[in-house]
Structure formats: structure tokens, C-alpha cells
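In what follows, a single structure is set out as C-alpha cells and then discussed.
Every read-out reported here was derived from the displayed coordinates using simple, explicitly stated rules and does not represent laboratory data. Owing to the predicted nature of the structure, the values given are computational and were not obtained by experimental measurement. Here Cβ is always computed from backbone atoms with ideal geometry, including for glycine, and neighbour counts include all displayed protein chains.
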Amino acid sequence: MTVQLLLTADRILPRPSTPVENGAVLVAGDRILAAGPRAEVVAQASPDAERLDFPGATLLPGLFNAHVHLAFDATREMLPNFLASGDDALRAGAEDRLGQLLRSGVTTVRDLGDRDALGARVRAGLEAEGTAAPRLLTAGAPLTVLNGHCHFFGGEVGDDASVRAMIDANAAAGADVIKVMASGGQITEGGADMWESQFDVRALRLIVEHAATHGLPVAAHAHGADAIEASVEAGVATIEHCTWMTGPQRQDRREGVAKRMAAEGIAACSTSSRNWRTLAERMGEELAKTVYGRLSWLEELGVPLLAGTDAGLPGSVFDDPVGALELYEWLGFGRRRILEIATEDSAAGLGLGDVTGRLAPGLSADVLVVDGDPLADLSALRNLRLVLARGRAFGLEPQASY
């Protein structure tokens with residue numbers, strides 16, 4: 001029989017919008033059995049349940065990072081380091097970075113670009129070992145044009161047949177999502193500029209339709225306004241970056257396209273790490289408010305937002321989700337709303353709304369214990385006491401049983 005774990009604290013956040021004072025969460029194996037007022041949950045616990053009390057703390061769902069690259073090391077030399085690394089080094093690095101994510105409270109991760117199905121293989125290895133780790137969704141090699149953005153992952157396609165073959169290969173290797181580089185990017189020399197499109201609507205629609213034959217959604221890397229519009233027209237599930245660029249320091253926010261995203265549930269992932277402060281200072285406040293203000297604009301139009309940081313890129317570290325979330329606070333988002341984006345909204349946007357993102361019976365036991373109240377101060381999320389990832393405990397310090 002599975003031993004139950006009863007966690008009690010000053011408050012719990014089954015959802016950020018419904019805090020419960022003097023609450024508890026009851027876990028058995030990898031599932032939540034109950035969450036709510038302490039007396040009600042304690043009454044459901046078995047006599048032999050392990051009991052941990054956290055005075056002054058808050059229980060809440062595990063956080064999401066919906067855009068990372070576990071193959072990259074977040075240093076300025078991340079690309080040459082990646083290109084020079086053999087498979088053993090890449091696997092060891094990816095496992096270490098997943099550990100960093102877990103220790104910072106992230107229990108669900110989406111990796112949107114690696115080579116040779118690195119993420120899927122790391123996931124399988126950790127599962128076989130029974131090691132506590134975040135839930136990992138992986139894309140494998142992103143589809144890109146010949147010599148296109150991130151071609152070094154091995155996902156170059158030149159015609160319809162190669163598009164289908166690459167999607168088939170990624171699916172067979174364990175991909176949970178198909179990634180397409182709809183526009184250029186900033187880390188690939190000689191490729192398309194960030195605002196330039198790499199695929200037209202017809203090609204993107206083919207990718208979406210063929211991915212669907214495997215039951216897989218499509219995530220579109222799209223900085224350019226044209227690439228965003230084409231991706232939405234093609235029916236992708238998420239837009240990564242979503243910066244609406246038309247040239248250097250130029251944006252064209254297309255309200256009709258954004259409204260269609262809202263109507264069809266196409267989510268936008270900001271991919272902003274804690275680097276946002278440095279970048280904002282470099283850009284100046286006016287330009288920074290324009291660049292990052294797209295998130296407020298998307299929010300006002302009802303576009304679903306995902307929490308993601310592009311971790312692995314230079315300075316985009318794996319262990320500071322709070323630094324990234326503080327961007328939303330700088331933009332004027334309330335803390336309740338920020339926590340929703342980082343938990344239940346990201347879960348829904350990745351098709352995991354019935355799996356995780358909330359503290360509710362039957363859902364995955366992805367639970368954080370933090371000192372303080374993140375609804376009063378986001379930095380409380382840095383004061384981690386315990387992390388449960390699918391019921392596997394990662395303790396950061398000894399706790400008192402009762």
C-alpha cells in the first residue's frame with residue numbers, strides 16, 4: 001500500500017485565485033488525494049500517513065518553464081560549447097540543468113530544441129532510475145530551412161517529403177511537440193534575420209497537419225509579424241517569442257491576428273529570462289516598454305500566456321524563474337495573475353490542464369512549499385522548503401514531522 005504524505009501550512013493556493021488559510025494537501029504516490037482546509041484534509045488521511053507541517057509557509061502548484069534548451073549551458077560560449085560537445089557531455093549537462101530547474105521550483109519543462117532526441121533520452125534515463133525530476137516535454141530537432149535558424153540541431157528540411165520525414169523521425173524518437181522555426185533568429189550566422197520568414201503559410205499548414213497525424217501540437221518560433229500571422233493562419237498551438245518584428249527595433253502588432261490567437265486558444269510564450277532588466281536598461285525605458293509591453297497588450301486581448309525563459313541562451317539561467325516572472329510585475333500584472341500564468345495557464349496552454357497546474361484531487365502531485373506568501377511578495381518563491389515532482393520529494397532542508 002502506498003504511504004500517504006500529509007503537508008500542512010499556514011495557507012495553500014489550490015489555484016492562485018482561491019487561497020485557503022490554514023490548509024493542507026494529501027498525496028499518495030504521484031497523485032493528490034485532497035487539497036483544502038486543514039481539518040477537512042487531515043480527516044481524510046490514513047493513521048500511518050507521513051505528516052509534515054510548515055508554519056509560516058504556503059503550498060502551491062509547481063511552476064512551469066515552457067521554453068528551454070537543455071543542450072545549451074547559458075554562457076556566452078553556449079553555441080561553440082554545444083557544437084564541441086559529445087553526447088555524453090550533453091546528456092550530463094542536460095541532467096544537471098533539469099536538476100537546477102527542479103531545485104528552483106519548476107516541475108514541468110518544455111524543451112524546444114536539441115539534437116539526436118537528447119531530451120527524450122534523458123527523460124527515459126531519469127525515469128528508469130526513479131530520480132526526482134521535472135516532467136519534461138520535448139521537441140527534438142526543430143524544423144528549419146536549409147542552413148536556416150538552428151540548423152545545427154539537425155532539423156533542416158527542403159521539401160514536403162523531408163518535412164514529413166523529419167516530423168515522423170521526431171515523433172518516433174519520443175517528441176511531445178513539433179517545433180518549427182517560422183522566422184529567423186539571432187544565434188545563427190548567415191541565416192534569416194529575426195523578422196524574416198523561413199516558411200510560408202502552405203508549408204506551415206503542412207507541418208501542422210502532418211504533426212496532427214501523430215497527435216502532436218506545433219510550437220512556432222516567430223519573431224516576425226509576418227511569421228506570426230502565417231503561423232496563426234496555419235493553426236499552430238503556441239507562438240514562441242511573439243515579438244511582432246518588422247525590422248531592427250520595429251514592431252507591427254496586428255490586432256486582428258492577436259484576436260484570432262485569443263479566439264482559437266493559441267498561446268504566446270514570452271521567452272524572457274531574468275535578463276530582461278539588463279536588456280531594458282540597454283534599450284532605454286521607452287523601447288523596453290514597447291518591446292515588453294506586447295505582453296500587456298496580448299493579455300488585454302485575451303491571448304493565453306505561457307511562462308518560459310529560453311533558458312540555455314547566454315545569461316538565460318535555469319535556476320531563477322522568479323527573476324523572469326518579475327518582468328510581469330514590472331509591467332503591472334498583479335501577483336495573482338502572474339502565478340496563474342506560471343501554473344494553471346501554462347498547464348492549459350500545453351494541454352496539461354487535466355494533469356497538473358493546480359492542487360486538486362486526481363492531479364499530479366507537483367507541489368511546492370515556500371516560506372512566506374507569494375501573493376504578497378513574489379520573492380517568496382525563492383524561499384523553497386520542499387518540492388514534489390509527480391510525488392517524488394526533493395527536500396531543500398530538514399522538516400518537522402508530527
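Using just the helices of the chain, give the 222 nm mean residue ellipticity in deg cm²/dmol: DSSP H runs with n ≥ 4 each add -39,500 (n - 2.57), and the total is spread over all residues, rounded to 500.
Theoretical 222 nm ellipticity from helices: -9500 deg cm²/dmol.
Which residue, chosen from GLY184, VAL369, ALA389, occupies the Cα position most advanced towards the positive end of the dipole of the chain, where the dipole is computed from +1 (Lys, Arg) and -1 (Asp, Glu) charges on Cβ about the Cα centre?
VAL369
GLY56's amide H: which non-local residues (gap 5+, or another chain) put their own amide H closer than 5 Å, with H modeled 1.01 Å from N in plane and none for Pro or chain starts?
ASP10
Just to confirm the number: angle between the C-alpha axis of helix 201-212 and the first principal axis of the chain, 0 to 90 degrees, nearest 10?
The angle comes out near 40 degrees.
Considering only C-alpha atoms, what is the centroid distance from the range 96-115 to the range 159-230, in Å?
Here the two parts' Cα centres lie 22 Å apart.
Could you list THR271, THR309, THR213 so that the one with the fewest beta carbons within 10 Å of its beta carbon is first and the one with the most is last?
If I rank by nearby Cβ atoms, fewest first, I get THR213, THR271, THR309.
Report the charge-dipole magnitude of the chain in Debye, nearest 20, computed about the Cα centre from +1 at each Lys and Arg Cβ and -1 at each Asp and Glu Cβ.
That gives the chain a dipole magnitude of about 540 debye.
Under a 5 Å amide H to amide H cut-off, with H placed in plane at 1.01 Å, what residues pair with ALA66 once short-range neighbours are removed?
ARG110, ALA307, GLY308, THR309
What are the ³J(HN,Hα) couplings of the range 161-174, residue after residue, when phi is run through the Karplus curve with 6.51, -1.76, 1.60 and θ = phi - 60°? Round to Hz, x for glycine and proline.
5, 6, 4, 4, 5, 5, 5, 4, 5, 5, 4, 5, 7, x
Roughly what % of DSSP beta bridges within the range 63-349 run antiparallel, to the nearest 5?
Close to 10 percent.
Quick one: Karplus J couplings for the range 23-31, per residue in order, coefficients 6.51, -1.76, 1.60, θ = phi - 60°, nearest Hz, x for Gly and Pro?
Result, rounded to whole Hz: x, 7, 10, 10, 10, 9, x, 9, 10.
Just need the relative contact order of the range 1-119 here, percent rounded to a whole number, with Cα pairs under 8 Å and 6+ apart.
With pairs under 8 Å counted, the relative contact order is 24 percent.
How would TRP195, TRP244, TRP330 line up from fewest to most surrounding beta-carbon atoms within 10 angstrom?
Going from sparsest to densest Cβ surroundings: TRP330, TRP195, TRP244.
Put +1 on the Cβ of every Lys and Arg and -1 on every Asp and Glu Cβ in the chain; which of SER85, LEU325, GLN198 then has its Cα farthest towards the positive end of the dipole?
It is LEU325.
Under a point-charge model restricted to the Cβ atoms of Lys and Arg (+1) and Asp and Glu (-1), what is the dipole moment magnitude of the range 287-387 relative to its Cα centre, in debye to the nearest 20?
Once rounded to the nearest 20, the dipole reads 120 debye.
Report the antiparallel proportion of the DSSP beta bridges in the range 204-274 as a percent, rounded to a multiple of 5.
20 percent
For helix 87-103, report the angle its Cα long axis makes with the longest principal axis of the Cα atoms of the chain; keep it between 0 and 90° and round to the nearest 10°.
Tilt relative to the chain: about 50 degrees.
Measure nothing fancy, just the Cα-based angle from helix 225-234's long axis to the longest principal axis of the chain, in degrees from 0 to 90, nearest 10.
The answer is roughly 70 degrees.
Could you tell me which residue out of GLY284, GLY36, SER270 lies farthest along the dipole of the chain toward its positive end? Charges go on the beta carbon: Lys and Arg +1, Asp and Glu -1, centred on the Cα centre.
In the chain, that residue is GLY36.
With θ set to phi - 60° and the Karplus curve 6.51 cos²θ - 1.76 cosθ + 1.60, what are the ³J(HN,Hα) couplings of the range 34-51 in order, to the nearest whole Hz, using x for Gly and Pro?
Values per residue, Gly and Pro as x: 7, 8, x, x, 3, 4, 5, 6, 4, 5, 8, 7, 6, x, 9, 4, 6, 10 Hz.
Is there a quick way to get the dipole size of the range 71-114? I mean about its Cα centre, with the Cβ of Lys and Arg at +1 and of Asp and Glu at -1; what is the value in debye to the nearest 20?
Taking the Cα centre of the range 71-114 as origin, the dipole is about 220 debye.
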